[in-house]
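K.L.:
This is the structure I have questions about; it appears just below.
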Amino acid sequence: CNDVIVMVKGRTICKQYLRKLMNLSERLGVKKFLRWNLKWTPNVAMPYYYRASDVYVHTSISEGFSLTLLEAMASGIPVIGNNLSSIPEAIGDPRMLFSNKDELSEKILSVLYDKKPEMFGMEAFNRVISNGFTSLDQSRKYLHLYEEVMH
């Protein structure tokens, strides 16, 4: 796809791994489609990245209940994630899960070209709201738990 820009957002402490990825992108001829932003970003600025995206892809293979997934979903953009760990529980839509690189490619292309990304984004947003995944809902749950433990 010649009309796609991939923003790689994250941090790594392993510079050797980062060099390997950058060399691979050059070897595969996709370097011109990648933008790397590996600096720390304050949490309050992350919604700007999410909202500027057409799709958020979460490739982690080991994850707790990921806040980044929920933040992206709450921003109303489609979220595609690995079918491992607690990621399926957070995303909740099997159409948005992948198990290998071929499935990942298919999911991204499907969201971008076959379907309306806004539809998937609204479904993701509604999942966050209807399942009590907002920070307000979570705060209330912690307060309730705290009150139970203290009594």
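The values are calculated or read from the model by the stated rules, or taken from the named source; none is laboratory data. Here the structure is a predicted model, which means the values were calculated and not measured. Neighbour counts run over all protein chains shown; Cβ positions are idealised from the backbone, glycine included. Each accessible area value is taken on the protein alone, full model and side chains, heavy atoms only, with ligands, DNA and RNA left out. Shrake-Rupley method; radii C 1.70, N 1.55, O 1.52, S 1.80 Å.
K.L.:
One residue is enough: does region 92-107 have a residue meeting the conditions in a helix (DSSP H, G or I), among the hydrophobic types (A, V, I, L, M, F, W, C) and either at pLDDT 85 or above or open to solvent by 70 Å² or more (accessible area, probe 1.4 Å) (or both)?
P.N.:
yes
K.L.:
Also, I was wondering about something else. Of the conditions (1) part of a strand (DSSP E or B); (2) free of Cβ contacts under 8 Å to residues at least 40 places away in the same chain, MET46 clears all except one; give me its number.
P.N.:
(1)
K.L.:
Would you pick out the residues in region 127-151 that are within 13 Å of SER75 (Cβ to Cβ) and in a helix (DSSP H, G or I)?
P.N.:
Hits for region 127-151 are ARG127, VAL128, ILE129.
K.L.:
Then there's this: LEU136 versus (1) open to solvent by less than 40 Å² (accessible area, probe 1.4 Å); (2) at negative phi: which is the lone unmet condition?
P.N.:
Only one criterion in (1) open to solvent by less than 40 Å² (accessible area, probe 1.4 Å); (2) at negative phi is unmet by LEU136, namely (1).
K.L.:
Something else about it: With the structure loaded, tell me whether GLY76 is outside any helix (DSSP H, G or I), more than 30 Å from GLU26 (Cβ to Cβ) and either modelled with pLDDT of 90 or more or open to solvent by less than 40 Å² (accessible area, probe 1.4 Å) (or both) or whether it fails that test.
P.N.:
On the way: outside any helix (DSSP H, G or I): yes; more than 30 Å from GLU26 (Cβ to Cβ): yes; either modelled with pLDDT of 90 or more or open to solvent by less than 40 Å² (accessible area, probe 1.4 Å) (or both): yes.
Yes: the conditions hold for GLY76.
K.L.:
Moving to a separate point now. For region 49-73, which positions are assigned to a helix (DSSP H, G or I) and not aromatic (Phe, Trp, Tyr)? Explain how you work it out, then say what you get.
P.N.:
First, pick out the residues of region 49-73 that are assigned to a helix (DSSP H, G or I): 49-51, 67-73.
The answer is ARG51, LEU67, THR68, LEU69, LEU70, GLU71, ALA72, MET73.
K.L.:
Moving on. Inside region 8-20, can you point out the residues that are hydrophobic (A, V, I, L, M, F, W, C) and surrounded by 13 or more Cβ atoms within 10 Å (Cβ to Cβ)?
P.N.:
VAL8, LEU18
K.L.:
Within region 35-58, is even one residue surrounded by fewer than 11 Cβ atoms within 10 Å (Cβ to Cβ) and of a type in the set (Gly, Ala, Ser)?
P.N.:
Yes, because at least one residue in region 35-58 is surrounded by fewer than 11 Cβ atoms within 10 Å (Cβ to Cβ) and of a type in the set (Gly, Ala, Ser).
K.L.:
Here's another thing I want to ask about it. Are there any pairs, at least 6 apart or on different chains, whose C-beta atoms fall under 8 Å, with the first in region 136-151 and free of Cβ contacts under 8 Å to residues at least 40 places away in the same chain and the second surrounded by 10 or more Cβ atoms within 10 Å (Cβ to Cβ) and small (Gly, Ala, Ser), and if so, which?
P.N.:
Pairs that qualify, where the first residue is free of Cβ contacts under 8 Å to residues at least 40 places away in the same chain and the partner is surrounded by 10 or more Cβ atoms within 10 Å (Cβ to Cβ) and small (Gly, Ala, Ser), are GLN138/GLY132; LYS141/GLY132.
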